[in-house]
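Notes to accompany the following structure.
The values are calculated or read from the model by the stated rules, or taken from the named source; none is laboratory data. Note that the structure is a prediction, hence the values are computed from the model and not measured. Methodologically, a virtual Cβ is constructed for each residue, glycine included, from the backbone with ideal geometry; neighbour enumeration extends over all protein chains shown. Quick note on the areas: whole protein, heavy atoms, side chains included, nothing else; ligands and nucleic acids left out. Shrake-Rupley method; radii C 1.70, N 1.55, O 1.52, S 1.80 Å.
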Amino acid sequence: MNRRREACFALCLCLLLAAVASAQTTQTAAPAVSLSVSGEVEKPLKLTAADLAKLPQRSIRAKGHDGKEAEFTGVPLVEVLKLAGVKFGEDLRGKNLALYLLVEAADGYRAVYALPELDPAYTDKVILLADKRDSKPMDAKEGPLRIVVPDEKRQARWVRQVTGLVIKRAP
Ligand SMILES: Nc1nc2c(c(=O)[nH]1)N[C@H]1C(S)=C(S)[C@@H](COP(=O)(O)O)O[C@H]1N2
Ligand SMILES: [Mo]
């Protein structure tokens with residue numbers, strides 16, 4: 001009897017391990033980071049993973065489209081734009097308030113953010129350019145970079161496969 005239970009347990013364990021292994025092999029790794037920052041910026045940039053690693057890092061827990069919480073790690077979007085010379089804080093006023101950020105993805109998906117949404121002088125909410133989900137690099141469907149907007153009730157602006165940040169001016 002005991003032996004049968006042991007055998008059954010071993011079988012279940014094998015099936016579980018096989019399922020985990022197959023789930024892992026179906027995930028393909030994302031391509032290397034290549035992020036352009038362009039448009040109405042002082043210094044247009046082309047950034048690699050090493051460039052992003054030099055910027056301040058943050059980890060944030062947020063609930064994704066699947067309804068599950070995960071920990072996302074990366075660089076606050078504001079830090080990347082500051083590197084390109086975009087003005088925030090005291091300088092985000094007057095004519096600069098007509099500027100906005102357009103985020104572009106590899107699949108052609110795009111979303112817009114107003115600059116005060118990113119600025120710690122305006123809000124305590126942090127919009128993240130994440131490169132890790134639960135401490136691991138993101139897969140090809142999601143990464144290598146993804147926008148995370150915590151506290152937003154829909155995840156439509158959580159742009160996956162981010163390739164470009166473009167600063168534009170409302171006409
Ligand atoms: N690049 C890209 N990002 C995207 C989308 C997309 O089609 N392409 N869809 C958005 C929408 S509408 C939602 S609801 C979420 C879904 O997130 P998920 O892929 O983690 O489920 O991703 C957002 N980010
Ligand atoms: Mo969506």
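Computed quantities for the displayed model
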read-out: Per-residue HN-Hα couplings for segment 82-94 [Karplus 6.51, -1.76, 1.60; θ = phi - 60°; Hz; x = Gly/Pro]; value: 4, 4, 8, x, 5, 8, 10, x, 3, 8, 8, 7, x
read-out: Interatomic Cα distance distribution for the chain, bins of 10 angstrom, percent; value: 9, 34, 30, 12, 7, 5, 2, 1
read-out: Listed peptides 83-93, 125-135 by packing density, highest first (mean Cβ within 10 Å); value: 125-135, 83-93
read-out: Karplus-derived HN-Hα couplings along segment 126-141 (A = 6.51, B = -1.76, C = 1.60, θ = phi - 60°), whole Hz, x at Gly and Pro; value: 10, 8, 9, 9, 8, 10, 9, 10, 6, 6, 10, x, 7, 6, 5, 6
read-out: Only Lys, Arg (+1) and Asp, Glu (-1) charged, at Cβ; segment 13-171 dipole about Cα centre in debye; value: 180
read-out: Farthest positive-ward along the chain dipole, Cα basis, beta-carbon charges - from A121, Q27, L97; value: Q27
read-out: Amide proton proximity set for T163, modelled H, under 5 Å, gap of 5+; value: E104, A105, A106
read-out: Farthest toward positive dipole pole in segment 25-171 [+1 Lys/Arg, -1 Asp/Glu at C-beta], among L165, A53, V75; value: L165
read-out: Amide H contacts of G39 (H built 1.01 Å from N, under 5 Å, at least 5 apart or other chain); value: I167
read-out: Tilt relative to the chain, helix 2-25 - C-alpha long axis, 0 to 90 degrees, to 10; value: 30
read-out: Carbon plus sulfur fraction of accessible area for the chain, probe 1.4 Å, in percent; value: 55
read-out: q = 0.24 Å⁻¹, segment 100-145: log10 I(q)/I(0) [Debye, one scatterer per Cα]; value: -0.95
read-out: Contact order normalised by residue count of the chain, Cα under 8 Å, 6+ apart, percent; value: 26
read-out: Where the chain is the region considered: accessible area per residue in Å², 1.4 Å probe; value: 62
